[in-house]
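Reading through the C-alpha cells given below for one structure.
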Amino acid sequence: MESNNVNEHVHCLIIGSGPAGYTAAIYAARANLKPVLYQGIQPGGQLTITTDVENYPGYPDGIQGPDMMVNFEKQAARMGADIRYGLATDVDFSAPPFKVQIDEEKWIEADTVILSTGASAKWLGIESEQRLNGYGVSACAVCDGFFFKGKEVAIVGAGDTAAEEAVYLSKICSVVHMLVRKGEMRASKVMQERVQKTSNIKIYWNSELDEVLGEHKVDSIRINNNVTEEKTVIPVSAFFVAIGHTPNSQIFKGWLDMDESGYIKTIPGTSKTNIEGIFAAGDLQDKIYRQAVTAAGSGCMAALDAERYLSAKGL
C-alpha cells in the first residue's frame, strides 16, 4: 500500500453514485463540505439497469431508472458537488486524514469519507437472463412485481429473500412458479411454511433454470429437473432472480466491521461505522430494505453525520 504519495486533499469524499451517494453529495454540498464524489464502475448504480421506477415519491407518472439517476447527478452538481469518473481501488483508514486510491494510481486524502458503493445482485449467468434483463427479467420483485399484476411469473431462489419475494408476488400475480435447486429450502422455517401455505405458489424442487425464452420480452422459461433430467417449459410473463446480493465492500475488508455476507455494520439509527469519521449509506450497509428511497434517506443521514463530525473536530 503506497499511500505515502498523496496527490490531493479533500474535505469530504463520497465513494459511489447511486441514490445514497448522490443524496449525500446534495446535503454535503449545501452544508459547504465541498464534497468530491467518485462515481465508481457503474455511475448511477443498480437503478441504471432498472427500467420503470414507479414507487419513488414525487414521480406520479413514474420515471425510468437511468433518467432518475441523471436527475440526482444534475441536482448534486448544481449544489456544487465535484462529481468525477473513477473507481476506488484501495484504502488506508489507519488514521485521519483517510486515504483512498482511485483507479489504482492516484491517492486522495479526506477529512471524512462517506461510503455508498452499493451492492450487486447475483445472477445465474445465463445469456438469455442478461439479454432480457429489464424486459421481464428482474432481480427485484418489490421494484418490478407490480408490472405483472394478474399474470403468471417465476422466481428462483431458496433463501429468506426468495421466500419473501415469492409471497409478495403471490399477492399481485395469478401464479408464482418457484424454482428450488435442491430438495429443500435454506429459508427460515417460518418463511418456508408461509410459502407452502400460499395456494398460488407452485414449488419445483430439484429444479434449475435452463433458459429464459422470448424474443423481445419474457414469454416462458425452460427448466431442468436435476433428478429426472426432464425439461419443462412454463409460460410466464416475468422471471425474478432472488439468489442474493453481494455488497461492494471488498476494499474495506480488514478496516470496517462487516457481517458474514460483507455488509458494513453501522451503529443503529446512524450511518457511523466502527471508525470515527467514516460513514456508510445505502445498500452497502442495508440488506433488508434495498430501495432507492431508503438508500437516499441513509445518504442524507451520512452527510449530516459527516457534517457533525467535522464540526466537532473543528475541521
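Quick note: the coordinates plus some simple rules give every number you see, no bench work behind them. Remember, predicted model here, so these are calculated numbers, not experimental data. Every residue, glycine as well, gets a Cβ built from its backbone with ideal geometry; the counts of neighbours run over all protein chains shown.
Efficiency by 1/(1 + (r/R0)^6): what FRET value for GLN250 and LYS182, r their Cβ-Cβ distance, R0 = 22 Å, to the nearest 0.05? Before the final figure, lay out each step's value.
On the way: r = 28 Å, r/R0 = 1.28.
Approximately 0.20, to the nearest 0.05.
Let me check against my output: what whole-number percent is the relative contact order of the chain, with C-alpha pairs under 8 Å and at least 6 apart?
Numbers: 725 pairs, mean separation 64.3, N = 315.
Here the relative contact order equals 20 percent.
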Exercise. In degrees, nearest 10, range 0 to 90: what is the angle between the Cα axis of helix 160-170 and the longest Cα principal axis of the chain?
Worked result: 60
Seminar exercise, completed: Residues meeting the amide H criterion for ASN274 (H placed from the backbone, H to H distance under 5 Å, 5 or more places apart or on another chain) are ASP257
Exercise. Just how large is the dipole of segment 222-293 about the Cα centre, in debye to the nearest 20, putting +1 at every Lys and Arg Cβ and -1 at every Asp and Glu Cβ?
Worked result: 140
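Per DSSP helix of 4 or more residues, -39500 (n - 2.57); summed, then divided by the residues of the chain. What does that give at 222 nm, rounded to the nearest 500? If you can, show how the numbers build up before the last one.
Numbers: 7 runs with 78 residues, N = 315.
Computed ellipticity for the chain at 222 nm equals -7500 deg cm²/dmol.
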Seminar exercise, completed: Counting only Cβ distances under 4.7 Å between cysteines, those in the chain with no partner are CYS12, CYS173, CYS300
Seminar exercise, completed: Taking 145-154, 227-236 and ranking on average Cβ neighbours within 10 Å, highest first, one gets 145-154, 227-236
Problem set entry | GNM flexibility winner over the chain from ALA95, ALA77, ALA281 (Cα, springs under 10 Å) | ALA95
Seminar exercise, completed: Counted neighbours (other Cβ, 10 Å), sorted fewest up, put ILE223, ILE243, ILE155 in the order ILE243, ILE223, ILE155
For this session: Determine, from the Cβ-Cβ distance of HIS216 and VAL190 and an R0 of 25 Å, the FRET efficiency 1/(1 + (r/R0)^6), rounded to the nearest 0.05.
Result: 0.05
Seminar exercise, completed: Residue by residue through segment 27-44, the couplings from Karplus 6.51 cos²θ - 1.76 cosθ + 1.60 with θ = phi - 60°, in Hz, x for Gly and Pro, are 5, 5, 5, 5, 8, 6, 8, 6, x, 10, 10, 9, 6, x, 5, 10, x, x
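How high is the relative contact order of segment 146-251, in percent, counting Cα pairs under 8 Å that sit 6 or more residues apart?
Values: 219 pairs, mean separation 31.4, N = 106.
Here the relative contact order equals 30 percent.
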For this session: Rank ALA303, ALA110, ALA119 by mean-square fluctuation in a GNM of the chain with C-alpha springs under 10 angstrom and give only the top-ranked residue.
Result: ALA110
For this session: Run down the aspartates and glutamates and flag those whose C-alpha is under 17 Å from the C-alpha of LYS231, throwing out any fewer than 8 positions away in its chain.
Result: GLU208, ASP210, GLU211, ASP219
Problem set entry | Full-extension gain in nm, LYS149 to ASN55, via 0.36 nm per residue minus C-alpha separation | 32.3 nm
For this session: Return the whole-Å distance between the Cα centroid of segment 41-73 and the Cα centroid of segment 139-204.
Result: 25
Seminar exercise, completed: Expected sort for HIS245, HIS11, HIS177, HIS216 with the fewest Cβ neighbours (10 Å cutoff) up front is HIS216, HIS11, HIS245, HIS177
Exercise. In degrees, nearest 10, range 0 to 90: what is the angle between the Cα axis of helix 292-313 and the longest Cα principal axis of the chain?
Worked result: 20
For this session: State, to one decimal in nm, how far the label point of VAL70 lies from the label point of VAL227, with both points 7 Å from Cα in the Cβ direction.
Result: 5.2
Exercise. Counting only the backbone N, which residues of segment 154-187 are under 14 Å from the spot 7 Å out from the Cα of LEU124 toward its beta-carbon?
Worked result: 154-158, 177-182
Exercise. Efficiency by 1/(1 + (r/R0)^6): what FRET value for TYR289 and ALA95, r their Cβ-Cβ distance, R0 = 22 Å, to the nearest 0.05?
Worked result: 0.10
Seminar exercise, completed: Taking Cα atoms only, helix 65-79 is inclined relative to the longest principal axis of the chain by an angle, in degrees rounded to 10, of 10
Seminar exercise, completed: If unit charges are put on Cβ atoms (+1 for Lys and Arg, -1 for Asp and Glu) and the dipole of the chain is taken about its Cα centre, the option from TRP107, ASN200, PRO19 lying farthest towards the positive end turns out to be ASN200
